[in-house]
Structure formats: C-alpha cells, structure tokens
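What follows is calculated from the coordinates using simple rules that are stated; it is not laboratory data. This is a predicted model, so every value here is computed, not measured. Heads up, the Cβs are rebuilt from the backbone with ideal geometry, glycines too, and the neighbour counts pull from every protein chain shown.
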Amino acid sequence: MNRAQLLLGKLAEESAEVTQIALKTQQFGFDEVCPDQCYTNAQRIHMELDDLFAIVEMLNDEYGFAYKKDRARIEAKKKRVWRYAEKSERLGMVRLHP
C-alpha cells in the first residue's frame, strides 16, 4: 500500500466514524453524553468531521486532490434532501412538521 492508498483508507475510516456518531445522535439526540464520554454527541460529530477534513486536506496538500466546497452543488443537495424528505412525509414515513 502506498501513501495515497493509506490516506484513501483513512478517508473511508473517518467517513465511517462520522456515520457511526450521526446514527447514535439520531437515536439519542445532540445533547446526550455517553457515560464513558465527556462530550455531547454534537461535539463528537464536530470532532469526527474535523478528522475527516484533516484527511481531505492531506489529500489536497500531498496529491493535488484539489477538493474545495462547491456552493452550487451544496445548495442543490440541500434542495434534494428536503424534496425527498417531503415525499417521505407524504408517504407517512417521516414527520417533518409536528
């Protein structure tokens, strides 16, 4: 395994850690603190995102990965998320409004 492959593996690993804490937060809420932790779930998500973006920076710096936020893509994604969430609500699968 070379250096680039190692960083790509770390990118996947950090993505999985973001996934794990996001799912725990979905179940227990942003403000919950696990008995063996000293951070809220929201703080833990922030830390995992920092770890993820550290790897992205390393890929950018070492391999010209050239990732930067694309505001247009981000805004388009936000619209898609809410459009599909509203469809889920119409199907009775999600409750977006009390």
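Take the residues of segment 43-98 that are in a helix (DSSP H, G or I) and in contact with a Ser or Thr (Cβ under 7 Å, 6 or more places away or on another chain): which is farthest from A22 (Cα to Cα)?
L52
What single numbered condition from (1) among the polar types (S, T, N, Q); (2) more than 24 Å from V56 (Cα to Cα); (3) surrounded by 12 or more Cβ atoms within 10 Å (Cβ to Cβ) fails to hold for Q37?
Looking at each condition in turn, Q37 falls short on (3).
For residues that are hydrophobic (A, V, I, L, M, F, W, C) and touching a residue at least 12 places away in the same chain (Cβ under 8 Å), scanning just segment 55-73, find the one that is surrounded by the fewest Cβ atoms within 10 Å (Cβ to Cβ). Break it down into steps so the answer makes sense when it comes.
Looking only at segment 55-73, we keep the residues that are hydrophobic (A, V, I, L, M, F, W, C), and these are 55-56, 58-59, 65-66, 72.
Still in the list and also touching a residue at least 12 places away in the same chain (Cβ under 8 Å): 55-56, 58-59.
Numbers: I55: 20, V56: 15, M58: 17, L59: 18.
Restricting to residues being hydrophobic (A, V, I, L, M, F, W, C) and touching a residue at least 12 places away in the same chain (Cβ under 8 Å), the top hit is V56.
Scan segment 2-12 and tell me whether some residue there is among the basic types (K, R) and surrounded by fewer than 12 Cβ atoms within 10 Å (Cβ to Cβ).
Within segment 2-12, one or more residues are among the basic types (K, R) and surrounded by fewer than 12 Cβ atoms within 10 Å (Cβ to Cβ).
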